[in-house]
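Engineer: Just passing along the structure, written as structure tokens.
The values are calculated or read from the model by the stated rules, or taken from the named source; none is laboratory data. Quantities reported herein were computed from a predicted structural model and do not represent experimental measurements. No Cβ is skipped: glycine too gets one built from the backbone with ideal geometry, and neighbour counts run over all protein chains shown. Ligands, DNA and RNA are excluded from the accessible area calculation, which covers all protein heavy atoms including side chains. Shrake-Rupley method; radii C 1.70, N 1.55, O 1.52, S 1.80 Å.
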Amino acid sequence: MKKIRAFIKKVIIWIVVAFFASTILSVVALRWLPVYFTPLMFIRLGQQVSAGQEMTLHHHWVPLEEISPSLSLAVMASEDARFLEHNGFDYKAIEHAAMRNMKHPEKRKLGASTISQQTAKNVFLWPGRSWTRKGLEVYFTALIELMWSKQRIMEVYLNSIEMGNGIYGADAVAEWHFNTTADKLTKPQCALIAATLPNPRRFNSAKPSGYMLKRQKRILHEMKFVKPLE
């Protein structure tokens, strides 16, 4: 019995060591390497196949300097105004969301996910709301904040985030929705893209609804007060 316990203990230790070693090495490697595919991309392809649809994936990795600076301003204004100030977690936003959700449980739950958290989720994890996935999201967020610069986090975010059906990243959405390239996106176009991010499969930046145009106007206003990436 003692030998079995010792063996199980060794196996558990090796699993833990392998997990931390592999995840840390992955984060270190992706500090420089482009992210060409994400788990969500594969999941969406699987969903397309199961639904009998044509497999569609548009994604072009481009460096941050080839993406309009207005897009980073727009997503910060829309998603995470304190991106350059926090360490991956916006505790003020978390407190605000918790208070609002407690006071109005009948309304749609308000989230407080930062750009860093969304990047960690997009690159390393899968969609979901389980405590296990949330715990891993916290872990990977802490890692990328420790090992990557804010510029690198933004670069990966703008290249990997879902921006439409089968469309991922700034350059792909620029081509397929605006017939241009990521570096030539205008401020209004960037604000419109940011306006879709709560649900880019429902909201189409190429065919904006009245609701989206209102969000675009608000985001354009908020962009004036957001500190740009250096």
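Engineer: Using just the helices of the chain, give the 222 nm mean residue ellipticity in deg cm²/dmol: DSSP H runs with n ≥ 4 each add -39,500 (n - 2.57), and the total is spread over all residues, rounded to 500.
Structural biologist: Details: 10 runs with 135 residues, N = 230.
Rounded to the nearest 500, it is -19000 deg cm²/dmol.
Engineer: Distance in nm between label sites at Trp131 and Ala21, each 7 Å beyond Cα in the beta-carbon direction?
Structural biologist: So the two model labels end up 3.0 nm from each other.
Engineer: Please compute the length gained on full extension between His58 and Arg152, using 0.36 nm multiplied by the number of residues separating them and subtracting their Cα-Cα distance. Numbers along the way, then the final one.
Structural biologist: Details: separation 94, 0.36 × 94 = 33.84 nm, distance 2.15 nm.
So the extension gain works out to 31.7 nm.
Engineer: While we're here: Give the angle, between 0 and 90 degrees and rounded to the nearest 10, that separates the Cα long axis of helix 131-147 from the longest principal axis of the Cα atoms of the chain.
Structural biologist: 80 degrees
Engineer: Using the Kirkwood formula on the Cα atoms of the range 154-230, what hydrodynamic radius do you get, in angstrom to one decimal?
Structural biologist: Working: mean 1/r = 0.0796 Å⁻¹.
Kirkwood hydrodynamic radius for the range 154-230: 12.6 Å.
Engineer: Please check: in the Gaussian network model of the chain (C-alpha springs, under 10 Å), which one of Gly135, Gly52, Gly169 has the largest mean-square fluctuation.
Structural biologist: Gly52
Engineer: Then there is this: Could you state the accessible area per residue of the chain in Å², with a 1.4 Å probe and every protein chain left in place?
Structural biologist: Working: 13540 Å² over 230 residues.
Dividing the accessible area of the chain by its residue count gives 59 Å².
Engineer: Also, I was wondering about something else. Relative contact order, percent, of the chain when contacts are C-alpha pairs under 8 Å separated by at least 6 residues?
Structural biologist: Rounded, it is 26 percent for the chain.
Engineer: Moving on to the next point. Can you tell me the dipole magnitude for the chain around its Cα centre, using point charges on the Cβ only (Lys, Arg +1; Asp, Glu -1), in Debye to the nearest 20?
Structural biologist: Details: 31 positive and 18 negative charges, 246 e Å.
In total the dipole reaches around 1180 debye.
Engineer: Shifting gears a bit: Ignoring ligands, DNA and RNA, how do His221, His59 rank by accessible area with a 1.4 Å probe, largest first? Kindly include the intermediate steps, with their values, before the conclusion.
Structural biologist: Values: His221 90, His59 35 Å².
Most to least solvent-accessible, the answer reads His221, His59.
Engineer: Using 0.36 nm per residue, how much length does the chain from Tyr139 to Lys227 gain when fully extended, once their Cα-Cα distance is taken away? All intermediate terms of the calculation are to be shown ahead of the outcome.
Structural biologist: Details: separation 88, 0.36 × 88 = 31.68 nm, distance 2.68 nm.
Gain in length upon complete extension: 29.0 nm.
Engineer: Find the relative contact order for the range 185-230 and round it to a whole percent, using C-alpha pairs within less than 8 Å whose residues are 6+ positions apart. Write down the numbers at each step before the final one.
Structural biologist: Details: 28 pairs, mean separation 18.9, N = 46.
41 percent.
Engineer: Of Lys121/Lys217; Lys187/Lys207; Lys92/Lys214; Lys184/Lys214; Lys187/Lys224, which ones are farther than 21 Å apart at the Cα? Don't skip to the end; give the middle numbers.
Structural biologist: Values: Lys121/Lys217 28 Å; Lys187/Lys207 17 Å; Lys92/Lys214 25 Å; Lys184/Lys214 23 Å; Lys187/Lys224 11 Å.
Pairs exceeding the cut-off: Lys121/Lys217; Lys92/Lys214; Lys184/Lys214.
Engineer: Taking R0 as 25 Å, what's the FRET efficiency between Val49 and Ala206 from their Cβ-Cβ distance, rounded to 0.05?
Structural biologist: Values: r = 25 Å, r/R0 = 0.98.
Rounded to the nearest 0.05, the efficiency is 0.55.
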